[in-house]
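The values are calculated or read from the model by the stated rules, or taken from the named source; none is laboratory data. As the structure is a computational prediction, the values presented were derived from the model and not from experiment. Cβ placement follows ideal geometry from the backbone for every residue including glycine, while neighbour counts extend to all protein chains displayed.
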Amino acid sequence: MPFSIDAQRSGNRAQALALLALRTQVRILSTHWPMRSWAVFDRTQAAEARPLAAQGPLRAVPRQTLDPWMAASPGHALPGLRGALLHRVAAHAGDPAWPRFPAATHVIRLPLRVPGRSRPNGVLVGVLAAAAAPPHPAERLTTLSWSLEAMALALAQWEESGELTSLVHSVRQEACLDHLTGVLNRRGWDICVQRLEGNDGPERAVIMLDLDELKHVNDRHGHACGDALLQQTAQVLRHVLRNDDVIARLGGDEFGMLLARGVTRVSLQRFVDRVRQALGEARIQVSLGVALRSEAGSIQEALALADRRMYEDKETHLGKGVRSADR
């Protein structure tokens with residue numbers, strides 16, 4: 001039975017990995033609960049709904065065909081699976097959603113909902129082309145519940161990563177770029193922070209970074225060399241960051257980075273280590289401060305905390321009195 005993902009909607013690398021995780025879970029599901037077709041749909045409002053991941057012949061479905069499957073009724077509830085409903089549908093030759101299904105068809109609808117959220121991220125649709133209803137998988141409920149939860153998390157990852165990538169793209173279109181380095185400027189940074197501030201999604205982290213030697217380079221070698229140092233720094237940081245993370249030049253020698261999804265203390269430390277290693281290999285000396293949103297209370301407070309820590313780092317390896325001199 002063929003398996004597929006929607007390559008046109010794979011977006012950035014994080015979205016592509018999320019779709020591959022969805023496909024894997026669909027494979028697992030089809031092993032434990034065989035159907036003629038399984039397909040995962042998101043909450044798109046397009047006239048034609050295409051599954052993000054599918055097994056079997058079910059592909060693009062007109063919205064007027066898919067909507068009844070999403071409805072809370074009519075349908076028979078399936079015990080042990082939250083929100084699962086079984087529908088009996090009558091296919092006909094003129095319906096493009098049924099290219100290979102006979103007239104007697106059963107459809108199972110299972111909402112994909114991340115724990116703690118009231119609104120589903122999408123829906124899993126199973127189709128069985130048979131006169132009799134599919135058997136209830138009573139012995140595999142625990143496995144199926146785990147699989148559904150994993151699908152919901154992968155779908156949320158795909159959705160969230162796409163939103164963050166669109167956010168960065170939109171601010172770039174609003175003339176929010178620093179013309180020297182090609183990263184966001186202060187205006188673009190402020191727009192991203194403002195839009196993400198009210199989002200109660202995953203943990204976020206702020207990294208503030210200051211070049212230690214820019215003034216020395218400007219004074220000794222000229223501003224052209226200083227500009228080249230800024231451009232090289234931005235290039236190194238972009239190479240280390242993920243597609244949907246945010247980077248901006250906030251001032252003369254100061255950069256800010258916002259890790260916008262899935263951050264933990266351990267992963268943040270590993271990322272900081274990669275940043276320091278990459279800059280060290282480029283012989284770029286910096287002072288650096290980091291903060292998690294959860295420890296500061298908000299992204300704005302995390303910015304202030306990371307800024308303080310950056311100057312503490314500068315004082316540690318460059319000596320006291322740096323703050324007053326640089327400010």
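You will find that of GLY116, GLY122, the residue that is at pLDDT below 80 and closer than 22 Å to VAL61 by Cα is GLY122 and no other. When the criteria are applied in full, VAL286 meets the requirement of being aliphatic (A, V, I, L, M) and under 18 Å from HIS239 (Cβ atoms). Annotation: of all residues in the range 235-249 being of a type outside the set (Lys, Arg) and surrounded by fewer than 20 Cβ atoms within 10 Å (Cβ to Cβ), the one that is nearest to the chain's Cα centre (by Cα) is ASN243.
When the residues of the range 146-191 are filtered to those that are surrounded by fewer than 14 Cβ atoms within 10 Å (Cβ to Cβ) and in a helix (DSSP H, G or I), the one that is modelled with the highest pLDDT is TRP146.
Residue-by-condition table, conditions (1) at pLDDT below 75; (2) crowded, with 16+ Cβ neighbours inside 10 Å:
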{"residue": "LEU17", "(1), (2)": "no, no"}
{"residue": "GLN25", "(1), (2)": "no, yes"}
{"residue": "ALA39", "(1), (2)": "no, yes"}
{"residue": "ALA54", "(1), (2)": "no, yes"}
{"residue": "VAL61", "(1), (2)": "yes, yes"}
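Among the residues of the range 210-220, is there at least one that is in a loop (DSSP other than H, G, I, E, B) and exposed (fewer than 15 other Cβ atoms within 10 Å of the Cβ)? No, every residue in the range 210-220 fails to be in a loop (DSSP other than H, G, I, E, B) and exposed (fewer than 15 other Cβ atoms within 10 Å of the Cβ).
Yes/no per residue for (1) at pLDDT below 90; (2) among the acidic types (Asp, Glu); (3) surrounded by fewer than 14 Cβ atoms within 10 Å (Cβ to Cβ):
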site	(1), (2), (3)
GLY256	no, no, no
LEU259	no, no, no
GLY262	yes, no, no
ARG270	no, no, yes
GLU301	no, yes, no
ASP307	no, yes, no
ASP313	no, yes, no
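Consider the range 127-142. How many of its residues are modelled with pLDDT of 80 or more and surrounded by 13 or more Cβ atoms within 10 Å (Cβ to Cβ)?
So the answer is 1.
Residues that are out of contact with any Leu (no Cβ under 7 Å at 6 or more places or on another chain), under 23 Å from THR165 (Cα atoms), touching a residue at least 24 places away in the same chain (Cβ under 8 Å) and assigned to a loop (DSSP other than H, G, I, E, B) occur at least once in the range 284-299.
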